[in-house]
1. Which one of these does Thr439 not meet: (1) away from the ligand (no atom under 16 Å from the Cβ); (2) over 16 Å from Tyr322 (Cα atoms); (3) among the β-branched types (Val, Ile, Thr); (4) out of contact with any Leu (no Cβ under 7 Å at 6 or more places or on another chain)?
2. Among the residues of the stretch 397-407, is there at least one that is within 16 Å of the ligand (Cβ to nearest atom), within 23 Å of the chain's Cα centre (by Cα), part of a loop (DSSP other than H, G, I, E, B) and within 21 Å of Tyr277 (Cβ to Cβ)?
3. Which is within 16 Å of the ligand (Cβ to nearest atom), surrounded by 17 or more Cβ atoms within 10 Å (Cβ to Cβ), not in a strand (DSSP E or B) and not basic (Lys, Arg), of Gly196, Gly161, Gly222, Gly212?
4. Working only within the stretch 576-586, note down all residues that are buried (at least 21 other Cβ atoms within 10 Å of the Cβ) and out of contact with any helix residue (DSSP H, G or I) (no Cβ under 8 Å at 6 or more places or on another chain).
5. Mind listing whichever residues of the stretch 294-316 are surrounded by 24 or more Cβ atoms within 10 Å (Cβ to Cβ) and part of a strand (DSSP E or B)?
6. Mind checking which pairs have a first residue in the stretch 243-262 that is in contact (Cβ under 8 Å) with a residue 60 or more places away in the chain and a second that is surrounded by 16 or more Cβ atoms within 10 Å (Cβ to Cβ) and among the charged types (D, E, K, R), Cβ under 7 Å, 6 or more apart or different chains?
7. Identify, please: which residue in the stretch 164-178 is within 13 Å of the ligand (Cβ to nearest atom) and of a type outside the set (Val, Ile, Thr) and is, among those, nearest to Trp553 (Cα to Cα)?
Amino acid sequence: ACSQDSAPPNPDSSPPSVAQGNYPHNNSSPPTWLEADEDGQWTMPAKNYASTRYSGLSQINRDNVKDLKLAWTFSTGLTPGHEAAPVFVDDTLYVVTPYPNTVYALALDGSKKWEYKPDTHQESQGMACCDVVNRGLVHVNGKLFFNTLDNHAIALEADTGKELWKTKVGDLQRGETMTMAPLVVKGKMLVGNSGGEMGVRGWLKALDTETGELLWTAYSTGPDKDVLIGEEFRPFYAQDQGKDLGASSWPPEMWKIGGGTVWGWLSYDPELDLVYYGTGNPGPWNPDFRPGDNKWTLTVFARRPDDGSAIWAYQIEPHDLYDYDGVNESLLIDMPFNGEQRKVLVRPERNGHVYVMDRTSGEVLSANTYVPVNVTDGVDLKTGQMRKVKDKQPGTNRTVHNICPAAPGGKDWQPSAYSPRTGLIYMPHNNLCMDMHGTQANYIAGTPYVGSDVKMFAGPGGHRGAYTAWDPVAGSKVWSIKEEFPVWSGTVATAGDIVFYGTMDRWFKALDAKTGELLWKYRVGSGIVGQPVTFQDKDGKQYVAIFSGVGGWSGAIVSGGLDARDGTAALGFVNAMKDLPQHTDKGGQLYVFSL
Ligand SMILES: O=C(O)c1cc(C(=O)O)c2c(n1)C(=O)C(=O)c1cc(C(=O)O)[nH]c1-2
């Protein structure tokens, strides 16, 4: 077990009750600009700019969810991990598949309206670190926007599937790929790259939604002019202040191959006019190759969408040691803190802490652990600095045992939800630790650049995943459900006071949002790593939809057909997932449920 389990007390995996009648139990709420949010539809993976993944629909609720039935299914005929959130607008469900990134438009009776098959380069499959996934498309004003694994941003006419434009934004030869779902803000499609394990240099780009023309590029590393750091830049903490830190915090030239990719989630606050997102790990993993802070990897940025200029930045962890990418979702809510109402962003980080930050300034208000953590000793809230534990620092020819959390973190990309009715954040997450051994790392464009051998295993308690309800005001767990495998699916919370998520051993579940009580479950065809969504048709009938189709990094042993005898396969994840093939085979299928 981890020696310094600093997680807040979690008496039991079986849900303790949240005080009834004490509900909602705090004053946290989504920002007022979300009130106009259209609940019948689901137009983007995060549901809204605040990334709450909350639906105001309540036809399906605590009392009747036990009667939820399968309406229909749709098979994609593909076997990689299906991570995308379906999108629903008017009377049509839109989905994008993993490579080769086919888009389907489906009517609510399950019939196919159209399909669009991009001509995606095969080599891209060999470049992706963690399966050939795609996290979803976005619908805006009659158009669909999505990325392909081979670095194309594409706009389609939603009614017909006609391609409107297609722009190449990255370079496969350098190891770049794309798996993220774009965000569309003020006529701009914001897209970022993957490839942190290939010596790629991370960026966020803005394309004109009408033409596909590139408007700006904000690199994650390099001199200020490349990072779009200018006059307006006001980082909160001293260690993030100074000129050209994105270059000077690296050995000479290493920032050019230093990672900091932007493959996760973006949020947007229209009142502050700020886009929020975090950057990935520095490369290579072996930290001996890159002395310094390695800015701006593992950094939360607030940027102006108009020109990309950085307003503030906070480096979550300088000089990352464990591949703790900072790309997870930022949930924008307004909540009391020390008696004052604050505009915050809540980030369940891979490093095992839930950060609550002032989203106007980048100040860290609290950072508490939600999983066992033994490699750091908490964040100094005065300086914003993470205190690292000395004897847990890996390096060349050195093995460090029992690092908690493991590289995929307390939580990977699988996004959480927030219910304004309970005031709770719902987090699908992991409970994994690892051994790590530093090796040589040689940069050759378009090949792995990691320098680390990893073996992952279950964390304290022996379960590899959990689904946890978290109170962001108190900064503590309210209830938590243990799962055998990492909970690698997204989640949705609704006004029916239920939450949905899926498991890698093929269950789609609905829980009571207040107590965590299991109310319904359904056995699907393959393990779930997709994102559930909910919406209603014109007659007011509510549906819930989710992809099954195991894969992603955690499911690579199945989707990639990897040999369980090699624990270091899939960057060490196989060691923790040797029994997954006994529970699921691969294969992508969309499931749609209604009462
Ligand atoms: O550094 C990167 O560029 C990068 C990209 C990706 C990706 O694009 O899927 C993942 C990761 N890193 C990563 O660290 C990670 O844990 C991960 C999990 C998954 C997945 O889909 O299951 N992708 C990725």
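1. For Thr439, the failing item is (2).
2. Within the stretch 397-407, one or more residues are within 16 Å of the ligand (Cβ to nearest atom), within 23 Å of the chain's Cα centre (by Cα), part of a loop (DSSP other than H, G, I, E, B) and within 21 Å of Tyr277 (Cβ to Cβ).
3. Working: Gly161 fails: within 16 Å of the ligand (Cβ to nearest atom); Gly222 fails: within 16 Å of the ligand (Cβ to nearest atom); Gly212 fails: within 16 Å of the ligand (Cβ to nearest atom).
Selected residue: Gly196, the only one of Gly196, Gly161, Gly222, Gly212 that is within 16 Å of the ligand (Cβ to nearest atom), surrounded by 17 or more Cβ atoms within 10 Å (Cβ to Cβ), not in a strand (DSSP E or B) and not basic (Lys, Arg).
4. Residues of the stretch 576-586 buried (at least 21 other Cβ atoms within 10 Å of the Cβ): 576-577, 580, 584, 586.
Hit for the stretch 576-586 is Ala576, nothing else.
5. Start the filter on the stretch 294-316 by keeping residues that are surrounded by 24 or more Cβ atoms within 10 Å (Cβ to Cβ), which leaves 294-303, 312-316.
Correct list: Thr299, Val300, Phe301, Ala302, Arg303, Trp312, Ala313, Tyr314, Gln315.
6. Ser249/Asp293; Ser249/Lys295; Ile257/Arg201
7. So in the stretch 164-178, the residues within 13 Å of the ligand (Cβ to nearest atom) come out as 170, 174-178.
If we keep only those that are of a type outside the set (Val, Ile, Thr) as well, we get 170, 174-176, 178.
On the way: Gly170: 22, Arg174: 21, Gly175: 17, Glu176: 17, Met178: 15 Å.
Looking at the filtered set, the residue picked out is Met178.
Conditions (1) free of Cβ contacts under 8 Å to residues at least 24 places away in the same chain; (2) within 28 Å of Pro30 (Cα to Cα); (3) in a strand (DSSP E or B), marked per residue:
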residue: Ala493; (1), (2), (3): no, yes, yes
residue: Tyr501; (1), (2), (3): no, yes, yes
residue: Phe508; (1), (2), (3): no, yes, yes
residue: Leu511; (1), (2), (3): no, yes, yes
residue: Gly540; (1), (2), (3): no, yes, no
residue: Leu562; (1), (2), (3): yes, no, no
residue: Pro581; (1), (2), (3): no, no, no
residue: Lys586; (1), (2), (3): no, no, no
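No lab work stands behind these numbers, since they all come straight from the coordinates. Since we're looking at a predicted model, the values are computed, not measured. Cβ coordinates were reconstructed from backbone atoms using ideal geometry, including for glycine residues, and neighbour counts include every protein chain displayed.
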